[in-house]
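Encoded as structure tokens, the structure appears first; notes follow it.
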Amino acid sequence: NEMVPLAFNQLCWKGDETNKENHLMYIKVLGIDLGKSSFHLIGCDSHDQQVCKKKLSRQKLITFIAQLPPCLIAFEACGGAHWLGRLCMEHGHDVRLIPPQYVKPFVKGNKNDFIDAQAITEAAGRPDMRFVAVKSIEAQSQIVVHRVREGFVAERTACMSRIGALLLEFGLSLPRGHSTMKNLFSWLSTQKVTLCPAIIGELQVMHDHYRYLNEQIAEQDAKIVQEVKQSSRCQLLKTVPGIGDMTASQLAAEVGNAHQFKNGREMAAWLGLVPRQYSTGGKPKLLGISKRGNKRLRCLLVHGARAILSRLDSYRGPMYDWLRKLRVSKSFNVVCIALANKLSRIAYAVLSKNEPYQAQQV
């Protein structure tokens, strides 16, 4: 398999019918450009010579992967990638999911699906390339619960904005917050402006929708809490200060056992909680945080850090002494990001060692 004659490569490239199945055994790296209904494949042998170039439908791709001898299969970490990754692993393949931004530099010339597949094949062979771990069905299912909740929250915010905009057309400025929104009609009864029955009816429709969204969000919260209670990994994460049910659930689903990271700093960099570097000419220049990676997890960790800093005087321990000392010379937001970075590193240690967090005693 190591020595592939050029004539054989050319024969496979031309699609000779007598050898169209035999060339599968020579594929060492298979790059797949994922699509909704069509998939473009480029296969290379151990000498980086193309021996396979195909366009397949979804069902034909499944059949092709099942018949393909074990090899390295790479594709971008995008929609449907984890499903396909699990499918390939079931058939004994080595799966590599590559972040799309790391594939783009390998695209040569104009962009099309086969060129993208070729770029994926080349990127997968780089020794320093970074890959995304394939998620399990359970992890993806838990992420779906969070995504559905986020959709309901965004829709509820839009509904509140519509109600406020409608009232503003009639000279009423609705105060912000859920306390007023939940008692909308009680608040309207205290105002001097009288609305006609038609407007009251439309407000009632939107307010009923607002209440329905509140119920749906509460149901999603209950699902998350129930999942956290049943997960030993989430219970370990909850021993970390500033990490509650929401953050623990999302960390366990997105990060898993954290073995894809070499250390806690790499995980913090993946979350975008480290300075963005813009250095040249041997002069280091550090800017604000990079904000790359998983913004949802970064947001939750920052909120957890804010919760700790808002009650900093009630905590005792070396970490909190460090925060109080840092707070003297740095602004609240800077200290908040520093604490979020530390929380991510602690979470990495908890997940990788599978042990609860134990605060250092003075």
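The values are calculated or read from the model by the stated rules, or taken from the named source; none is laboratory data. Keep in mind the model is a prediction, meaning the values are calculated, not measured. Quick reminder, even Gly has a Cβ in these numbers, built from the backbone with ideal geometry, and neighbours come from all protein chains shown. For the accessible areas, the whole protein counts, side chains as well, though only heavy atoms, and no ligand, DNA or RNA atoms are used. Shrake-Rupley method; radii C 1.70, N 1.55, O 1.52, S 1.80 Å.
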- Item | Packing-based ranking, highest mean first, of 75-84, 157-166, 26-35, 198-207 given that Cβ atoms within 10 Å are counted | 26-35, 75-84, 157-166, 198-207
- Tilt, helix 197-230 to longest principal axis of the chain (alpha-carbon atoms), in degrees rounded to tens, equals 60
- Placing +1 at every Lys and Arg Cβ and -1 at every Asp and Glu Cβ, with all other atoms neutral, what dipole size does the range 18-125 have around its Cα centre, in debye to the nearest 20? 320
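Grab the other residues whose beta carbon is less than 12 angstrom from that of Tyr357, score K and R as +1, D and E as -1, and report the net.
Details: positive: Lys238, Lys342, Arg345, Lys353; negative: Glu355.
Neighbourhood net charge equals +3.
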- Per residue and in Å³, how big is the convex hull formed by the alpha-carbon atoms of the range 81-167? 157
- Counting only protein heavy atoms with a 1.4 Å probe and every protein chain in place, the carbon and sulfur fraction of the accessible surface of the range 218-362 in whole percent equals 50
- Note on the structure: Given Cβ charges of +1 for Lys and Arg and -1 for Asp and Glu, the option among Pro318, His178, Trp83 whose Cα lies farthest towards the positive end of the dipole of the chain is Pro318
- Name the residues whose placed amide hydrogens come within less than 5 Å of the amide hydrogen of Val51, ignoring near sequence neighbours (fewer than 5 apart) on the same chain. Gly43, Cys44, Asp45
- Query: Along the positive direction of the dipole of the chain (beta-carbon charges: Lys, Arg +1; Asp, Glu -1; about the Cα centre), which of Ile137, Ala347, Gln101 reaches farthest?
  - Reply: Ala347
- Message: Given a 10 angstrom Cα cut-off, can you work out which residue in Gln250, Gln59, Gln226 is the most mobile in a GNM of the chain?
- Response: Gln59
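What fraction of the DSSP beta bridges in the chain is antiparallel, stated in percent and rounded to the nearest 5?
Details: 16 of 25 bridges.
Bridges in the chain are about 65 percent antiparallel.
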- Item | When each of Lys108/Lys283; Lys223/Lys262; Lys54/Lys108; Lys229/Lys291 is checked by Cα-Cα distance, pairs over 28 Å | Lys108/Lys283; Lys223/Lys262; Lys229/Lys291
- Degrees, to the nearest 10: 295-310 long Cα axis against longest axis of the chain: 40
- Message: Across the range 232-353, what fraction of all alpha-carbon pairs, as a whole percent, falls in each successive 10 Å bin from zero upward?
- Response: 13, 43, 32, 10, 1
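So which chymotrypsin sites (Phe, Trp or Tyr not before Pro) in the range 259-328 are both in a DSSP loop and have at most 13 other Cβ atoms within 10 Å of their Cβ? It would help to have the intermediate numbers written out before the result.
Numbers: sites: Phe261, Trp270, Tyr278, Tyr315, Tyr320, Trp322; in loops: Phe261, Tyr278, Tyr315.
Hits after loop and neighbour filter: Tyr278.
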- Item | Karplus 3J(HN,Hα) series, Hz, for the range 35-48 with 6.51 cos²θ - 1.76 cosθ + 1.60 (x for Gly, Pro) | x, 6, 10, 10, 10, 10, 10, 10, x, 10, 8, 5, 9, 6
- Message: Taking every DSSP beta bridge with both residues inside the range 18-125, roughly what % is antiparallel (nearest 5)?
- Response: 55
- Item | Accessible area per residue in Å² at 1.4 Å probe, computed on the chain | 57
- Return the label of the correct value of mean projected area of the Cα convex hull in nm², as calculated from the structure shown, out of (i) 27.4; (ii) 25.3; (iii) 23.2. (i)
- Query: Taking only DSSP H segments of four or more residues, each worth -39500 (n - 2.57), what value at 222 nm results for the chain once the sum is divided by all its residues, to the nearest 500 deg cm²/dmol?
  - Reply: -17000 deg cm²/dmol
- Among Arg327, Arg149, Arg233, which one moves the most in a GNM of the chain with springs linking Cα atoms closer than 10 Å? Arg327
- Query: Sorted by average packing, counted as other Cβ atoms within 10 angstrom per residue and highest first, what order do 333-339, 89-95 take?
  - Reply: 333-339, 89-95
- Task: Using only the alpha carbons of the range 18-125, determine the length spanned along each of the three principal axes and report them from longest to shortest in whole angstroms.
- Result: 35, 29, 22
- Message: Let me understand the range 125-166 better: what is its radius of gyration from the alpha carbons, and its Dmax, in angstrom?
- Response: 18.4, 58
- Task: Enumerate the lysines that Lys192 could reach by cross-link, defined here as Cα to Cα under 25 Å, with residues fewer than 8 away along the same chain left out.
- Result: Lys182
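Determine the relative contact order of the range 18-125: mean sequence separation of Cα pairs under 8 Å and six or more apart, normalised by residue count, in whole percent.
On the way: 194 pairs, mean separation 30.2, N = 108.
Dividing the mean separation by the residue count of the range 18-125 yields 28 percent.
Rounded to the nearest 0.05, what FRET efficiency is calculated for Val193 and Lys223 with R0 set to 41 Å and r the Cβ-Cβ distance? The partial results should precede the final answer.
Numbers: r = 41 Å, r/R0 = 1.01.
Working from the Cβ atoms, E equals 0.50.
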- Positive-end residue of Gln204, Phe39, Leu300, charge dipole of the chain with Cβ unit charges: Leu300
- Read phi for every residue in the range 151-156 and hand back ³J(HN,Hα) as whole Hz from Karplus 6.51 cos²θ - 1.76 cosθ + 1.60, θ = phi - 60°, with x for Gly and Pro. x, 5, 5, 5, 5, 5
- Note on the structure: Restricting to lysines and to Cα separations under 21 Å from Lys60, and discarding same-chain partners fewer than 8 apart, the set is Lys14, Lys20, Lys28, Lys36
- Pick out which of Ala307, Ala139, Ala154 has the largest mean-square fluctuation in a Gaussian network model of the chain, springs linking Cα atoms closer than 10 Å. Ala154
- In degrees, nearest 10, range 0 to 90: what is the angle between the Cα axis of helix 81-90 and the longest Cα principal axis of the chain? 50
